[in-house]
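Here, each number is a calculation from the coordinates, and none is a lab measurement. All of these numbers come straight from a predicted model, not from anything done at the bench. Cβ atoms come from the backbone with ideal geometry, glycine included; neighbour counts cover every protein chain shown.
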Amino acid sequence: MKPIEFKEQNTVFGEGQKEYLPLPAYLDDGPYGHVVSCWKLSIKERFLVLLYGRVWLSQMCFHKPLQPQLVAADKHELKGLARSFVGAIKGLSRGFKGALKKLSTKIYALCMEW
């Protein structure tokens, strides 16, 4: 997986630091400081997720309490977390639902061919 830029991002963590990959992110200015990033899966990773339905997460906590985490395939699942971010994506719902319907129809057709 690779972190990628996205429309709602407003910062890049680790930029210009050789030891880190740049992490495009949305940093919420609310009381919890939610950070949202977007990751692109390779073709192999997409296949593995489709086949096994699992994603692994590793986080360094430096022996401090673990911070809350949420891994999501749909950015609408972030609703209620970073309010400004959710506000920025509200208009995408209709287009997303249409695209999802077309995709599911294609997947169904491919499965029926097998």
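Taken over the stretch 29-55, the criterion of being of a type in the set (Gly, Ala, Ser) and exposed (fewer than 10 other Cβ atoms within 10 Å of the Cβ) is satisfied by GLY33, GLY53.
When LYS44, LYS40 are checked against the criterion of being touching a strand residue (DSSP E or B) at 6+ places or on another chain (Cβ under 7 Å) and of a type outside the set (Phe, Trp, Tyr), LYS40 stands alone in meeting it. Only residues that are part of a helix (DSSP H, G or I), hydrophobic (A, V, I, L, M, F, W, C) and under 13 Å from the mean Cα position of the chain (by Cα) were counted in the stretch 41-77, giving 0. Only one of the numbered conditions (1) touching a strand residue (DSSP E or B) at 6+ places or on another chain (Cβ under 6 Å); (2) surrounded by fewer than 13 Cβ atoms within 10 Å (Cβ to Cβ) is not met by TYR26, and that is (2).
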